Amino acid sequence: MIARRLSAPIPSGRQVSALRILALAVFASFSLSLSAASAPPPAPVRVAKVIDGHVHPSLCVAANGDVIAVFNEQGGGGKELLLSRSTDGGRTWTAPKAIPGMEPCSIYPGSLTRLSTGRIVLQWSCYHGEGERLWRQPQFCTSDDNGQTWTKPRDIPLPNLTNYTCLRHPLLELAPNRWVLPLYDRTVVFDPETSRLEPFGDGRAHGMVPMVRTPAGTLITGAPVAQSKVPVSTPGETVRGLRSTDQGRTWQALHALPHFGVAGYDLTVLRNGWIVLTSIVYGVGQDGEWAYDLTVSRDDGRTWDFSHSVTVYNPGRRIAGRGWPRTVQLDDATLGTLFYDLDAKQPGGPGVFFVRTPLAALNAPTK
C-alpha cells in the first residue's frame, strides 16, 4: 500500500492550483451553508402595539403581493378585528384599522385565506350565551380587491353550535365553492354559494389544526391525535400529524410533528412543493414559549428535517403570552412570520411582530 501511494503520479503545478481552487470552493460552500444554518434570527418588525391576552393573528399574501395581517387589540372577546397592510414584503406596515360591517359581538379571531381566484376569505366566530348554554357562531366575509373592502358578514349555518365551533387556521379550498373547515368540534366541507354542508373525508374531527394540500394532492393535517374530542381531557391515540393520499378517505399517522401545545403550530405549502412547519419551542422545566422555529419537509410530508430547523425568533427570554406564529411565502426567496410577544418590558411594550426569513436558510448544509 505504501509503495503504491508513493508511486502515484505527482500533480503538476496547474493541477495543484485547480485542486486548491476546488477545495476552496467546496470549503466556502460548506462554510456558507453552516453560517446560514447558525446565523442569528433576523430582527423582527413591529406591526402594531397591542394590549394583552391575545388570540391568534391571521396572515395572507394578496394577489397583488400585499401582505395582510388581521388581529385584535385585546385578545379573545375583542369587539373588532384590525387590519394592517404591508406593500413592501413586511418591512413596513400601515396603522391598523378596524374592518367595518361586523355585528357587535365578542369576537374569537379565525383566519385569512386567499383562494385560487385571488378572493380573500376572512373568518371568525362570535361568542353567544343564554343561561348556562354557551356557543360560538362562525362567520365570514370576502374581499375581491386585495382586502381593501369586504362584503357583509355571513353566518356559516352549522347545526348544533357549541362553545367549540370555531376555527383557528385557514380553510382548505378543495375546489371552487368547496371549503374544508377544520373547526374545533368538527371538520366539514362548506359550499358558500348554496350554504350546503357535508362531512369531510372519513368523517373524523381533526380539531382546530392546520390542514394543507401539496401540489401532488396529498393532504397534511396537524392533528396531534387520531380523533379530536372536545373538551380535551386525556389524549387519545397520539399521531403527531396525519397524511392522506386519497382525499381524506384514509389517513396515515406521521409520528413526526412536535408538541402541539395550547398555541399549536402552522403549516405552509411553498411554491416548490416543500411544506414548512412553524412550531413553538417550549421550555424544559420552565413553562412557556421561548422561540419559534421553521422546519421543512422536502418529500411531500413524509419526513421532516428537524436537524436543520431555523429559529426565526428567540428574544433570549420567555415570550410573554401566546405567540400564535403564522407563516406565508412572500416571494420565491423569502418567508414571513407573524406573531405576538406581550412582554411589557420590551421597547414599545406588547405588540404583534413580523419577521422575514430567507428561504435559503431552510436548505440542508452541503458537505
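No value in this document is a laboratory result; all are computed from the given coordinates. What you see is a predicted model; the values in this text were computed from it and never measured. Cβ: placed from backbone, ideal geometry, glycine included. Neighbour counts: every protein chain shown.
Taking the Cβ of G201 as the centre, find all other residues whose Cβ is under 14 Å away and add up their charges (Lys, Arg: +1; Asp, Glu: -1).
Spelling it out: positives minus negatives among the neighbours equals +3.
Does region 124-214 come out rounded, prolate or oblate, given a ≥ b ≥ c as the square roots of the eigenvalues of its C-alpha gyration tensor, rounded meaning a/c under 1.5 and, failing that, prolate meaning a/b above b/c?
On the way: a/c = 1.75, a/b = 1.14, b/c = 1.54.
It is oblate, given that a/c is not under 1.5 and a/b is not larger than b/c.
What is the sum of charges around T218, taking Lys and Arg as +1, Asp and Glu as -1, for the other residues whose C-beta is under 14 Å from the C-beta of T218?
Values: positive: R213, R243, R249, R298, R302; negative: D246, D299, D300.
Overall, the nearby charge balance is +2.
Report the charge-dipole magnitude of the chain in Debye, nearest 20, computed about the Cα centre from +1 at each Lys and Arg Cβ and -1 at each Asp and Glu Cβ. Mind showing how you got there, number by number?
Values: 36 positive and 30 negative charges, 249 e Å.
Rounded to the nearest 20 debye, it is 1200 debye.
Between V45, P109, L83, whose Cα lies farthest towards the positive end of the dipole of region 31-166 when Lys and Arg beta carbons carry +1 and Asp and Glu beta carbons carry -1, centred on the Cα centre?
Most positive-ward Cα: V45.
Sort 79-88, 321-330 for me by packing, meaning the mean count of neighbouring Cβ atoms within 10 Å per residue, highest on top. Please report the intermediate quantities before stating the final value.
Numbers: 79-88: 17.3, 321-330: 23.1.
Result, highest mean Cβ count within 10 Å first: 321-330, 79-88.
Indicate the gyration tensor shape class of region 300-363 (rounded, prolate or oblate), computed on the Cα atoms with a ≥ b ≥ c the square roots of the eigenvalues: a/c under 1.5 is rounded; otherwise a/b larger than b/c is prolate and the rest oblate. Walk me through the intermediate numbers first.
Numbers: a/c = 2.42, a/b = 1.84, b/c = 1.31.
Prolate, since a/c reaches 1.5 and a/b exceeds b/c.
Give me the net charge for the shell around W274: Cβ to Cβ below 10 angstrom, other residues only, Lys and Arg +1, Asp and Glu -1.
Neighbourhood net charge equals -1.
Once the dipole of the chain is set up with Lys and Arg at +1 and Asp and Glu at -1 on Cβ about the Cα centre, which of P315, N160, Y184 lies farthest towards its positive end?
Comparing the listed Cα positions along the dipole, P315 ranks first.
Eight or more residues apart or on different chains, and alpha-carbon atoms under 19 Å: count the Lys pairs in the chain matching that. Don't skip to the answer; put the middle values down first.
On the way: K49/K79; K49/K97; K49/K345; K79/K97; K79/K152; K97/K152.
Number of lysine pairs found: 6.
For a test of the definition: using alpha carbon positions, the gyration tensor, and the 1.5 limit on a/c, classify region 41-362 as rounded, prolate or oblate. Display every interim value, and only then the final one.
Values: a/c = 1.24, a/b = 1.06, b/c = 1.18.
Because its axes are fairly even, with a/c under 1.5, region 41-362 counts as rounded.
Over what distance in Å are the Cα centres of region 149-165 and region 293-367 separated?
31
Take every Cα pair under 8 Å in the chain that's 6+ residues apart, average their separations, divide by the length, and report that relative contact order as a whole percent. Walk me through the numbers on the way to the answer.
Details: 881 pairs, mean separation 53.3, N = 367.
Relative contact order comes out at 15 percent.
Apply the Kirkwood formula to region 153-270: the hydrodynamic radius equals the inverse of the mean of 1/r over all pairs of different alpha-carbon atoms; give it in Å with one decimal.
So the Kirkwood estimate lands at 14.6 Å.
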